[in-house]
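J.: Before we start, here is the structure in question, set down as structure tokens.
The values are calculated or read from the model by the stated rules, or taken from the named source; none is laboratory data. Predicted, not measured: the structure shown is a model, and the values here were computed from it. Please note: Cβ atoms are built from the backbone with ideal geometry, for glycine as well, and neighbour counts cover all protein chains shown.
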Amino acid sequence: MAGVVHILTGPTAVGKTAWALRWAQERGAEIVSCDSLLFYRGMDIGTAKPTVAERALVPHHLIDVCPVRERVSVVDYVAWAREAVTAIASRGRAVLVVGGSGFYLKCFFGPVRDEVNVPVSLRDEVDRRLRNEGLEALVSELRRLNPAGLGPLDVANSRRVTRALERCLASGRTLAELADDFAKIPGPFAAWQTRVTCLTCDPEVLQHRLEVRVHAMLADGLVEEVARLRDRGLESNPSAAGAIGYRETLAVLRGEADRAGLAEAIIRSTRALVKKQRTWFRTQLPPHRAIRTEEASVAALFEA
């Protein structure tokens with residue numbers, strides 16, 4: 001084993017940042033962000049990014065690494081995370097990965113990219129069919145290519161359907177066969193031991209925290225932040241522009257929504273995110289510790 005990676009996750013607003021800082025300070029750790037929006041410079045208020053003062057307490061990695069107009073892929077994240085984790089361990093310090101972005105967390109538990117090469121021409125053709133024929137036509141094609149069924153594929157998600165169809169067409173294999181192949185690929189952190197803790201709290205407590213956070217973000221200047229980021233190319237990056245808090249604020253700035261309803265719109269979207277996160281933690285996380293924040297302590301986060 002190359003070493004140990006400690007991973008602290010949980011739904012948004014559960015208190016990951018505060019507990020991560022406490023644990024890292026006591027254990028001499030450095031923090032590697034696993035949040036899909038903290039990469040971007042200037043996305044501060046709407047992401048609840050650790051403050052400059054908090055980052056001065058403990059070294060942080062993968063925060064403010066690129067301008068908001070640039071897109072970041074999971075392949076980019078894996079390369080950055082591997083470099084950061086290896087460097088931290090080489091200094092003899094503990095590694096603490098913190099975040100709730102499931103797509104990126106997956107790289108610590110297994111492979112994140114298959115070995116199917118999809119030609120650009122095929123990708124363009126599938127995108128053209130989606131525009132001209134609609135999502136149902138692509139789903140029908142997938143069902144024809146996969147007579148045994150589509151498994152857990154979300155057939156209402158156009159991005160996932162198009163990517164699945166591309167891979168079936170490019171490889172000549174079914175989704176089940178591709179999944180079997182994928183499971184045999186070693187993950188980028190296969191040589192590391194992972195210890196995972198998921199923070200939880202009562203739904204009513206989390207709901208209150210969400211509401212307080214959203215109102216604080218607006219009071220701290222979220223609308224002004226989004227206006228500045230528009231000038232830096234925010235809308236050219238679908239992942240950043242579509243993030244909760246940013247997409248609702250952009251709608252207000254474009255005149256598509258009323259500012260009076262902005263807080264409630266963000267709160268509603270965040271509730272939906274928390275629901276998805278809880279499902280992901282329950283079904284996708286490997287064996288892990290679940291600790292209620294009311295009962296948490298630094299000593300208990302990763303130790304039995």
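J.: Could you list all residues from segment 82-101 that are touching a Phe, Trp or Tyr at 6+ places or on another chain (Cβ under 8 Å) and either buried (at least 18 other Cβ atoms within 10 Å of the Cβ) or of a type in the set (Asp, Glu) (or both)?
T.: Val85, Leu96, Val97
J.: Given Pro286, Pro238, which one is of a type outside the set (Gly, Ala, Ser), surrounded by fewer than 13 Cβ atoms within 10 Å (Cβ to Cβ) and touching a Lys or Arg at 6+ places or on another chain (Cβ under 8 Å)?
T.: After ruling out the rest, the residue left standing is Pro238.
J.: Ok, one more. Could you identify the single residue in Ala179, Ala170, Ala164, Ala137 that is assigned to a helix (DSSP H, G or I) and surrounded by 17 or more Cβ atoms within 10 Å (Cβ to Cβ)?
T.: When all the criteria are applied, what remains is Ala164.
J.: May I ask you to list the residues in segment 249-291 that are of a type in the set (Lys, Arg) and within 27 Å of Leu218 (Cβ to Cβ)?
T.: Arg254, Arg259, Arg268, Arg271, Lys275, Lys276, Arg278
J.: What pairs can you find where one residue is in segment 206-221 and under 15 Å from Arg271 (Cβ atoms), the other is polar (S, T, N, Q), and their Cβ atoms are less than 6 Å apart, with a gap of 6+ or different chains?
T.: Leu210/Thr270
J.: Looking only at segment 14-28, decide whether some residue is assigned by TED's automatic domain parsing to the domain that holds Ile267, in contact with an Asp or Glu (Cβ under 9 Å, 6 or more places away or on another chain), part of a loop (DSSP other than H, G, I, E, B) and farther than 27 Å from Ile244 by Cα.
T.: Checking segment 14-28: not a single residue is assigned by TED's automatic domain parsing to the domain that holds Ile267, in contact with an Asp or Glu (Cβ under 9 Å, 6 or more places away or on another chain), part of a loop (DSSP other than H, G, I, E, B) and farther than 27 Å from Ile244 by Cα.
J.: Separate question: Among what's in segment 71-99 and is part of a loop (DSSP other than H, G, I, E, B) and at pLDDT 95 or above, pick the residue that is nearest to the chain's Cα centre (by Cα).
T.: Taking the candidates together, the pick is Gly99.
J.: Listed residues Leu229, Leu199; which is among the aliphatic types (A, V, I, L, M), in contact with a Ser or Thr (Cβ under 7 Å, 6 or more places away or on another chain) and surrounded by 15 or more Cβ atoms within 10 Å (Cβ to Cβ)?
T.: After ruling out the rest, the residue left standing is Leu199.
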